[in-house]
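To keep things clear, I will list the structure first and then write my remarks on it.
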Amino acid sequence: MPDVSQSGNELQSQLALLDSLRFAERCAAVSQVASVIAHVIGTPLQVIAGRAALIRFNPQSDTVAENARRIEDQVERLAQRIRKLIEYLTSAEPISEPRRADELVIDALSLYSPIAARTGIRIQAGDNLSKAIIEGTPTLIVLTSLLSLGTRAGAAGDRIELDISINGNGGGDRLVFELQLPGLGVSKARIDRLDPPDIEGTNAEHLQVLSVCNAIARQHGGRLELSSLEHGYTAIKYECQILVEREHPRG
């Protein structure tokens, strides 16, 4: 069996490599989806546009009915292909288990504090971390994605801050992770859908990550909110549902 023992520097390198692979995998997945969508809709749209142009330029032609029929056929074909594509791309939800919020934060920090340290960025977490029970897998995905984003967007000397609070509205059944990330510049962009950014200078990759995190949060009854801070920082509030206020004692 090979020797897998590692020094601190080697561990940092391996974690950084895993994060780079995670980034590359996400970029490859986005590119592949874009390519498939272009292939699925490209030809039908060209046919529809061509037939519509024939009708527009010669509305009295004997071929108007035939052109309209071809348009209807292409629309139905396009709808069927999009439905199949959605079914193909919709995978099963990963299995999640209830976890304590403080344990999730510790897991996220153990992965990304060494990565941030390699780039000269410091991650600072609050001391009073909640022991509330929340969904484990989606929360850890969102937290690690946001920390990864902060380490990529920031520069040496920057810091990432992370705190947890209870939302008192609605009976206090919501947990809020509050992060301050450097260098994003997307606080005014729409993250509720994956539309191309309409604000000049917006980093598309940053916006994609935030949109996906927002979608994951909403799938599990939560949400993401962005706001601008001083010195180029962006505040991100990730709100999620509390399953149990605190862990019950065992035994």
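Structure summary
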{"read-out": "Among the candidates ARG100, ARG118, ARG152, residue that is in contact with a strand residue (DSSP E or B) (Cβ under 9 Å, 6 or more places away or on another chain) and either among the β-branched types (Val, Ile, Thr) or in contact (Cβ under 8 Å) with a residue 24 or more places away in the chain (or both)", "value": "ARG100"}
{"read-out": "Extreme residue, farthest from GLY183 (Cα to Cα), among residues of the range 206-221 that are surrounded by 17 or more Cβ atoms within 10 Å (Cβ to Cβ) and without any contact (Cβ under 8 Å) to a residue 24 or more places away in the chain", "value": "ASN214"}
{"read-out": "Residue among LEU179, LEU140, LEU175 that alone is under 20 Å from ALA217 (Cβ atoms), outside any strand (DSSP E or B) and in contact (Cβ under 8 Å) with a residue 24 or more places away in the chain", "value": "LEU140"}
{"read-out": "Residue match in the range 14-31 (condition: among the basic types (Lys, Arg), more than 22 Å from ASP195 (Cβ to Cβ), over 31 Å from the mean Cα position of the chain (by Cα) and surrounded by 11 or more Cβ atoms within 10 Å (Cβ to Cβ))", "value": "no"}
{"read-out": "Pick from the range 226-236, criterion over 14 Å from the mean Cα position of the chain (by Cα) and in a strand (DSSP E or B), ranking: surrounded by the fewest Cβ atoms within 10 Å (Cβ to Cβ)", "value": "SER227"}
{"read-out": "Failed condition for ILE134, given (1) part of a helix (DSSP H, G or I); (2) at pLDDT 90 or above", "value": "(1)"}
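The values are calculated or read from the model by the stated rules, or taken from the named source; none is laboratory data. What you are looking at is a predicted structure, and each value in this text was computed from that prediction instead of being measured. Backbone-built Cβ (ideal geometry, glycine too); neighbour counts: all protein chains shown.
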